[in-house]
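The values are calculated or read from the model by the stated rules, or taken from the named source; none is laboratory data. These numbers were taken from a predicted model, which means no experiment stands behind them. Cβ placement follows ideal geometry from the backbone for every residue including glycine, while neighbour counts extend to all protein chains displayed.
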Amino acid sequence: MTTRKPNTRLRSIIDESGLPYDAVARAVRAVAAECGDHLRTNKSAVAHWVAGTPPSAATARYLAVALSRLLGRLLTPVDVGLDWPEEDEGAGLTLESDPLDALLPLWRNEVDRRRFLSSSAYSVAAAALPLASARDAAGRMAAARSGAVVGMAEVAAVRDMISMFSEMDERHGGQHGRSALVQYLRDDVAPLCRARFRTEEARQHMLSAASRGVHLLGWKAYDAGQQGLAQRYYLQSFKLAEESAVVGHDGFVMRTMAMQGLKLRRPEHCLGLAETGLNRAKGKVDDRTEALFRIVHAHTLAKSGQGRAALVEAERARRMLENGPGDEMPFWGLAWGPPAASVYSRAAKVHETVGDHQEAAAQYGRAACARPAGTYARIVALDLVASAGMQLKRGGIEQACATWHEALDHMEGVRSARTVKAVRGMRRDLGRFRARGLRCAAELDERAAEFLAGGVPA
């Protein structure tokens with residue numbers, strides 16, 4: 001019989017945290033949930049780990065991230081006394097190498113369907129990297145140029161293809177076309193980025209187009225609940241945008257990273273990301289694009305407890321949106337579809353944060369109406385779900401049920417972990433009304449159950 005040695009390193013780190021085992025278990029479950037993994041870790045499991053029985057590889061990662069957050073310093077599974085055989089642990093989490101080289105292990109993970117990067121956790125430390133990034137306009141990529149001569153015609157072709165993938169994503173959910181997008185970026189776009197260019201403008205816009213493609217991969221991972229992988233893609237999208245030197249694009253990716261941190265309730269760097277992103281674009285892009293920066297800045301202000309300043313910034317974003325209806329927006333600025341819808345949806349979150357549920361419901365409704373429903377089925381559905389939630393908070397259960405039904409209409413054929421999560425949340429909210437025998441709640445719950453029985457996206 002083999003006797004395992006106690007994990008004294010793990011015990012020492014837990015002792016340093018000053019927390020009991022049940023609190024450590026809760027922290028591990030929280031990190032796992034961010035990655036779309038629902039664990040039942042309890043204090044007994046933590047005791048077994050300390051006694052020498054190792055957790056699974058995925059749980060080891062969650063444990064290291066949880067302890068990193070508790071102690072305020074970066075820890076790996078090895079640091080807490082656990083073996084770590086994966087070679088790609090740090091893949092995509094730095095800004096020091098050629099971004100295309102950094103993306104290769106991420107793409108290999110996608111193609112090989114390995115679990116490591118898909119289940120990696122969001123890193124608060126990595127969220128700060130763009131704030132400290134120094135531009136390197138010459139770039140490491142320039143040294144590797146070879147192959148065909150590329151001009152604006154090739155840039156236009158890449159943009160068209162990425163737009164097609166983006167439309168497919170919005171219409172059918174993030175899991176449709178994901179592998180095809182990986183292969184297109186790896187096999188077609190990456191070689192173009194390392195080609196010889198007819199002009200400096202062509203080089204800049206090709207790197208910018210590649211950045212948007214990688215940004216879309218991050219969004220697909222986000223939609224699947226794979227937050228750590230999404231963050232790695234966003235970091236490399238940022239680096240490509242920075243290498244491109246296209247004004248405002250790097251700041252736009254910082255805006256996305258701020259949005260991700262807010263969604264995950266990891267606000268540590270969100271205000272800094274939003275402010276820095278805005279400063280890189282302010283006065284240098286058209287009004288509608290700047291409105292996209294300002295509305296996310298407003299949301300981070302609201303989440304930072306600066307409600308009055310947040311409302312002022314949200315109003316400024318609305319005015320800029322209305323002032324620039326004829327402006328030509330940059331390719332990367334259209335990543336989220338019609339700018340009006342993005343501003344309304346994010347403004348709703350500002351009002352929700354400051355407690356104005358009536359205005360939040362109205363803004364979510366405006367956002368849903370501002371997008372062509374056939375093209376943007378997923379986000380229209382999610383905006384309607386959010387609007388219904390605000391209606392419910394104001395006591396309007398029948399109005400909320402009607403809006404939820406409308407949301408479910410848009411979810412047909414959409415494969416998205418976020419829509420599934422939204423429907424599950426809706427059923428929880430309906431619980432107390434079902435118990436009272438309210439007919440509209442019972443009918444909606446039955447329809448929601450049928451939707452979930454159709455299968456959860458892989």
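Would you pick out the residues in the stretch 18-36 that are part of a helix (DSSP H, G or I) and at pLDDT 90 or above?
Tyr21, Asp22, Ala23, Val24, Ala25, Arg26, Ala27, Val28, Arg29
Hey, does the stretch 218-239 have a residue that's under 19 Å from the mean Cα position of the chain (by Cα) and over 30 Å from Val380 (Cα atoms)? Among the residues of the stretch 218-239, at least one is under 19 Å from the mean Cα position of the chain (by Cα) and over 30 Å from Val380 (Cα atoms), which makes the answer yes. Based on what the data block shows, is Phe252 in contact (Cβ under 8 Å) with a residue 40 or more places away in the chain, assigned to a helix (DSSP H, G or I), of a type in the set (Phe, Trp, Tyr) and not assigned by TED's automatic domain parsing to the domain that holds Trp107? For Phe252, the condition - in contact (Cβ under 8 Å) with a residue 40 or more places away in the chain, assigned to a helix (DSSP H, G or I), of a type in the set (Phe, Trp, Tyr) and not assigned by TED's automatic domain parsing to the domain that holds Trp107 - is met. When we screen Ala381, Ala377 for residues that are buried (at least 23 other Cβ atoms within 10 Å of the Cβ), of a type in the set (A, V, I, L, M), touching a residue at least 60 places away in the same chain (Cβ under 8 Å) and within 28 Å of Trp336 (Cα to Cα), the only hit is Ala377.
Could you tell me whether the stretch 185-200 includes any residue that is within 30 Å of Leu264 (Cα to Cα), part of a helix (DSSP H, G or I) and in contact (Cβ under 8 Å) with a residue 12 or more places away in the chain? Yes, that holds for at least one residue. If the condition is being under 20 Å from the mean Cα position of the chain (by Cα), in a loop (DSSP other than H, G, I, E, B) and crowded, with 16+ Cβ neighbours inside 10 Å, then the stretch 37-62 contributes only Asp37.
Every condition in (1) touching a helix residue (DSSP H, G or I) at 6+ places or on another chain (Cβ under 8 Å); (2) in contact (Cβ under 8 Å) with a residue 60 or more places away in the chain is met by Lys421 except one, and the failing one is (1). Only residues that are of a type outside the set (Val, Ile, Thr) and surrounded by 13 or more Cβ atoms within 10 Å (Cβ to Cβ): list them for the stretch 410-422, please. Those that are of a type outside the set (Val, Ile, Thr) and surrounded by 13 or more Cβ atoms within 10 Å (Cβ to Cβ): His410, Met411, Arg415, Ser416, Ala417, Arg418, Lys421, Ala422. Regarding Met329, is this residue under 21 Å from Phe252 (Cα atoms) and assigned to a loop (DSSP other than H, G, I, E, B)? For Met329, the condition - under 21 Å from Phe252 (Cα atoms) and assigned to a loop (DSSP other than H, G, I, E, B) - is met. Can we say Asp37 is under 24 Å from Gln226 (Cα atoms) and not hydroxyl-bearing (Ser, Thr, Tyr)? Against the criterion (under 24 Å from Gln226 (Cα atoms) and not hydroxyl-bearing (Ser, Thr, Tyr)), Asp37 qualifies. Exactly one residue out of Gly431, Gly437, Gly425, Gly454 is surrounded by fewer than 16 Cβ atoms within 10 Å (Cβ to Cβ) and on the phi > 0 side of the Ramachandran plot, and it is Gly437.
Of everything in the stretch 172-203 that is at pLDDT below 85 and closer than 14 Å to Ile162 by Cα, the residue that is nearest to the chain's Cα centre (by Cα) is Gly174. Number of residues in the stretch 350-408 that are aromatic (Phe, Trp, Tyr) and not in a helix (DSSP H, G or I) equals 1. Just one of the listed residues (Arg308, Arg266, Arg318) is assigned by TED's automatic domain parsing to the domain that holds Ser345, of a type in the set (D, E, K, R), surrounded by fewer than 22 Cβ atoms within 10 Å (Cβ to Cβ) and under 14 Å from the mean Cα position of the chain (by Cα), and it is Arg266. Restricting attention to the stretch 255-281, the residues that are touching a residue at least 60 places away in the same chain (Cβ under 8 Å), of a type outside the set (D, E, K, R) and not in a helix (DSSP H, G or I) total 2.
Screening the candidates Val247, Val253 for the property of being among the β-branched types (Val, Ile, Thr) and either surrounded by fewer than 24 Cβ atoms within 10 Å (Cβ to Cβ) or farther than 20 Å from His297 by Cβ (or both) yields one hit, Val247.
Considered as a group, the residues in the stretch 130-171 that are basic (Lys, Arg) and at pLDDT 75 or above include one that is farthest from the chain's Cα centre (by Cα), and that residue is Arg159.
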